[in-house]
Amino acid sequence: MRNFKLTLCYDGGRYDGWQRQGNSDDTIQGRLETLLSRLLDQSVEVAGSGRTDAGVHALAQVCSFRAETEMDCAALLSEIRRWLPEDIGAISLEEAPPRFHARLSCREKTYVYRIWNSAEPNVFERKWMLAAPQELDLEAMRRAAAALTGEHDFAAFCANRHMKKTTVRNLKSVEITRMGGEIRIALTADGFLYHMVRILVGTLLEVGEGKRAPEDMAAVLASRDRMEAGPTAPAQGLTLWSVKYD
C-alpha cells in the first residue's frame with residue numbers, strides 16, 4: 001500500500017464545499033474519490049488538509065490517499081488531470097512517507113480574503129472577491145488584527161456552538177494590504193475553527209467601516225460569545241492559499 005500526497009487548486013463556486021456529503025454529489029472530496037476509485041480500480045478515501053466551505057476556493061489544497069498501484073506518480077497525475085473537471089486542477093502528486101496525513105501532519109495554513117474596494121466594476125474577478133466599495137479605515141483594521149493575533153480562545157469566532165474540542169488557536173499573523181482597488185487579508189494560523197476566517201474578516205470589516213473600535217477585540221475574545229463578533233463574510237472572497245508541513 002502506497003501513500004500519496006496530492007496538491008489541488010479549485011474554484012469552489014459551484015461546489016458544496018470540500019467534505020463528502022451523502023446528500024450531494026458536488027463536493028471536491030466526493031469528485032476526487034470517485035475519480036481515483038475508478039482510475040485505480042479500488043475504493044480510495046481522500047483526506048484533505050482542511051474542509052473548505054461551500055463556495056470557498058483553494059490555490060493549494062493538500063490531500064493524501066493510500067492505494068495499491070504500480071503506476072508511477074507522473075502517469076497517475078496525468079490521468080487525474082485528464083479526467084478532473086475544468087474547475088479542479090491537480091498541481092502535483094508525489095509519494096509520501098507512510099505516516100503522512102494531509103490533515104494530521106499539517107502545521108500551518110494561510111487563507112487569503114480578497115475584497116474589491118472600489119466603485120469601478122471588476123468584471124473578470126467578481127466571482128472571487130467580495131465587492132465592498134465603501135471607504136475602509138485600513139489602519140484601524142490593522143490595529144484590530146494585532147489585538148487578535150496570538151494564541152487565544154476563538155470561541156466567539158466559531159459558528160459551531162456545540163464544538164466539543166478546544167477552541168484555542170494560534171493566529172500567527174494577519175496581514176492587510178492594498179493592491180490598487182483590491183484589499184487582501186492574509187491570515188495564518190496553526191488551525192482554524194468552523195467559519196473562523198470569515199467571521200474574523202466580517203469583524204475587521206466592521207472596524208474598517210467605523211461600526212466598532214479596534215479596542216473592542218479583547219472584549220469580544222473574552223466573551224466567547226459568537227453574537228459579540230461581526231457577521232460571517234461571504235464565501236466567494238475566501239481562498240485557501242497555502243498549507244505547510246514539517
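Every read-out reported here was derived from the displayed coordinates using simple, explicitly stated rules and does not represent laboratory data. Fair warning: this is a prediction, and the values are worked out from it, not measured in the lab. Using ideal geometry, Cβ is built from the backbone for each residue, glycine included, and neighbour counts are taken over all protein chains shown.
Residue order for Glu95, Glu120, Glu86, Glu182, fewest other beta carbons within 10 angstrom first, comes to Glu86, Glu120, Glu95, Glu182. When the convex hull of its Cα atoms is viewed from all sides, the stretch 18-71 shows a mean projected area of 4.2 nm².
A cut-off under 9 angstrom between Cβ atoms defines the neighbours of Ala235, and their net charge, with Lys, Arg +1 and Asp, Glu -1, is 0. Panel note: the C-alpha atoms of the stretch 39-182, placed on their principal axes, show extents of 57, 41, 25 Å (largest first). The value of relative contact order for the chain, using C-alpha pairs under 8 Å at least six residues apart, is 24 percent. The spacing between the stretch 146-196 and the stretch 2-68, judged by their C-alpha centroids, is 24 Å.
Could you work out the mean projected area of the convex hull around the alpha carbons of the stretch 107-245, in square nanometres to one decimal?
Details: hull surface 32.4 nm².
Its average projected convex-hull area is 8.1 nm².
In straight-distance terms, cross-link reach from Lys211 covers every one of the aspartates and glutamates whose alpha-carbon lies under 20 Å from its own, apart from those fewer than eight places away in the same chain; here that gives Glu135, Asp137, Glu139, Asp225, Glu228. Taking Cβ atoms as reference points and 12 Å as the exclusive limit, the residues near Ala159 contribute a net charge of +2, counting Lys and Arg as +1 and Asp and Glu as -1.
Each stretch of four or more DSSP H residues adds -39500 (n - 2.57); spread over every residue of the chain, this sum gives -7000 deg cm²/dmol at 222 nm. Straight-line reach from Lys109: taking Cα to Cα under 17 Å and skipping same-chain neighbours fewer than 8 places apart, the lysines in range are Lys5, Lys172, Lys244.
If I take every Cα pair under 8 Å that is 6 or more residues apart in the stretch 52-170, average their sequence separation and divide by the length, what percent do I get for the relative contact order? Provide the component values of the computation, followed by the final result.
Values: 59 pairs, mean separation 18.2, N = 119.
The value is 15 percent.
Could you tell me the convex hull volume per residue, in Å³, taken over the Cα atoms of the stretch 2-95?
Numbers: hull volume 7.8 nm³, N = 94.
Hull volume normalised by residue count: 83 Å³.
The long axis of helix 73-83 is offset from the longest Cα principal axis of the chain by roughly 70 degrees.
For the stretch 69-194, the residue among Leu77, Ser118, Leu171 whose Cα projects farthest onto the positive side of the dipole built from Cβ charges is Leu171.
Only alpha carbons enter this Debye calculation for the chain, each as an equal point scatterer, and the log10 of I(q)/I(0) it gives at q = 0.07, 0.10, 0.16 Å⁻¹ is -0.26, -0.52, -1.14.
Over the chain, with a Gaussian network built from C-alpha contacts below 10 Å, which listed residue (Pro98, Pro214, Pro234) shows the highest mean-square fluctuation? Maximum among the listed residues: Pro98.
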